[in-house]
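Every number here is computed from the coordinates shown, using simple stated rules; none is lab data. Please read all numbers here as calculations on a predicted model, not as lab measurements. All Cβ positions, even for glycine, are placed from backbone atoms using ideal geometry, and neighbour counts span all protein chains on display.
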Amino acid sequence: MHEQLIKSIQDKITLSPEEIEKVKHFYIPKKIRKRQYLLNAGDVCQYIAFVEKGLLRSFTVDNDGGEHVIQFALEGWLIGDMSSFLSGDEATYNIEALEDAELLLLSKPSMEDMLHTVPKMETYFRILMQNHIVALNRRVISSMSDTAEQKYLKLMNNCPGIVNRASQQNIASFLGITPETLSRIRKQVAQK
Amino acid sequence: MATVKTIAIVGATENIGSAIARILAKLNYRLLLMSGDQAKLKALKEELEKLEPKAGIDIVGCAKEASWEADIIIIATPYEAHKEVAEKIQEVATGKIVISVSNPINSNYGRVVPSANTSAAEELQKMLPYSKVVKTFNTQLASKYISAAFSDQTRDVFIAGNNSDAVTTVFELLHVAGFHPIISGDLSVSRTLERLQLSIQNQMPGAL
Ligand SMILES: NC(=O)c1ccc[n+]([C@@H]2O[C@H](COP(=O)([O-])OP(=O)(O)OC[C@H]3O[C@@H](n4cnc5c(N)ncnc54)[C@H](OP(=O)(O)O)[C@@H]3O)[C@@H](O)[C@H]2O)c1
């Protein structure tokens, strides 16, 4: 139930078995089913979710009702509306399970408690934040300067799991292209 | 689709479990019903769906699965089954509210919590150290809770618990269900609440 989390932590820092036990108890194990929401835009994001199993997406809805996929999360990833989680303001993201999922939820107070009880976890979260900033920067730059095909190839190389598991519609939305363009690129890539 | 809280009722098919299911089905919660009796569960689900066509109700075969999916867990089994249930759900109940409605009497109406210095709820808290145990719904007959929730009369419902956020959440839940919740104190107040029930039981033998 905590395998992915422990792996994610042990990849970055070294904890004793006692510390691991302590860390586990700050996370709330929660299953959600496909199509259920973890967060609605307008609510405050109370938890960041670590994904033990399954696939989720965060997305915004524009004034015309159009959906824009911000992020996917699969095993070993974190998902949440970070600005809302950290500031306590209303969330702008919705978070939905695209597959039945097993999550480990961490609330802000639990996170503070945990960092206090197991200070080494500060390092773990700093590394996560660093990775997050790097990924965010890459995504911004890629969305401004890459061609549709380059964007797709990057996603395929970096996250083949998402390309295999998410729907065409969601992948296209994540890349900021139409499903028709995505399908054309997929054909081109397959022919090469 | 809005996020709704999911509530698991472990031991949903008898008096108090099914009464709570009826009360919650009319509110905006998703319910997971669990007991050992599949036929009874199915009948209960059908009955609730007839009463509340919009209610989201699912049957879950085991206590661990139900509790894993839940945000709030209600244990409505006899006190004697607590140990078995607690062992099954402990890992997945971390950080969650666990509501104890049980009174520490066995099927022969003999007391099962022997010491005066504890209560069924406190014993459950010891078995689930990482959960937030809240005592409520234990001082009245199930039928009384039902008649209160489905009429204009308000009825006092006592709450006891150590975690103030958990107590507040249960307070709000009872309030929207139409009760008049009264926060009685920390979990040790369960000793009084559970003994209160014993005196009621003496007036109506076999009632609770
Ligand atoms: N009766 C009332 O009006 C009332 C009011 C307030 C509080 N209480 C308290 O609530 C508790 C339940 O009483 P009750 O009268 O509703 O009925 P009960 O006959 O004690 O109900 C037992 C329920 O728990 C289930 N159960 C039993 N052992 C289980 C186990 N090991 N794992 C999972 N589920 C199990 C039963 O289902 P299966 O047997 O089908 O598995 C049934 O649904 C008691 O502790 C009582 O003191 C009762």
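Go through the stretch A:87-100 and report how many residues are farther than 16 Å from A:Ile70 by Cβ and more than 14 Å from every other protein chain (Cβ to nearest Cβ).
4
For B:Glu87, all conditions in the list (1) within 14 Å of another protein chain (Cβ to nearest Cβ); (2) within 30 Å of A:Met111 (Cβ to Cβ); (3) of a type in the set (Asp, Glu) hold save one; what is the number of the exception?
All conditions pass for B:Glu87, except number (1).
Any residue at all in the stretch A:68-90 that's among the aromatic types (Phe, Trp, Tyr), surrounded by 14 or more Cβ atoms within 10 Å (Cβ to Cβ) and in contact (Cβ under 8 Å) with a residue 60 or more places away in the chain?
Yes: the stretch A:68-90 contains one or more residues that are among the aromatic types (Phe, Trp, Tyr), surrounded by 14 or more Cβ atoms within 10 Å (Cβ to Cβ) and in contact (Cβ under 8 Å) with a residue 60 or more places away in the chain.
Could you look through the stretch A:101-145, keep only residues that are assigned to a loop (DSSP other than H, G, I, E, B) and surrounded by 15 or more Cβ atoms within 10 Å (Cβ to Cβ), and pick out the one that is nearest to the other protein chains (Cβ to nearest Cβ)?
Among those residues, the one meeting the criterion is A:Val118.
Do you know which residues across the stretch A:38-63 are at the interface with another protein chain (Cβ under 8 Å from one of its Cβ atoms) and either free of Cβ contacts under 8 Å to residues at least 60 places away in the same chain or over 17 Å from the mean Cα position of the chain (by Cα) (or both)?
Scanning the stretch A:38-63 gives A:Leu39, A:Asn40, A:Asp43.
Among the residues of the stretch B:54-83 satisfying the criterion of being under 16 Å from B:Val4 (Cβ atoms) and not aliphatic (A, V, I, L, M), which is surrounded by the fewest Cβ atoms within 10 Å (Cβ to Cβ)?
Once the filter is applied, the top-ranked residue is B:Lys54.
Within the stretch A:38-56, does at least one residue satisfy the condition of being assigned to a strand (DSSP E or B) and aromatic (Phe, Trp, Tyr)?
yes
Considering only residues of the stretch B:4-13 that are in a strand (DSSP E or B) and not β-branched (Val, Ile, Thr), which is nearest to the ligand (Cβ to nearest atom)?
In this case the residue turns out to be B:Ala8.
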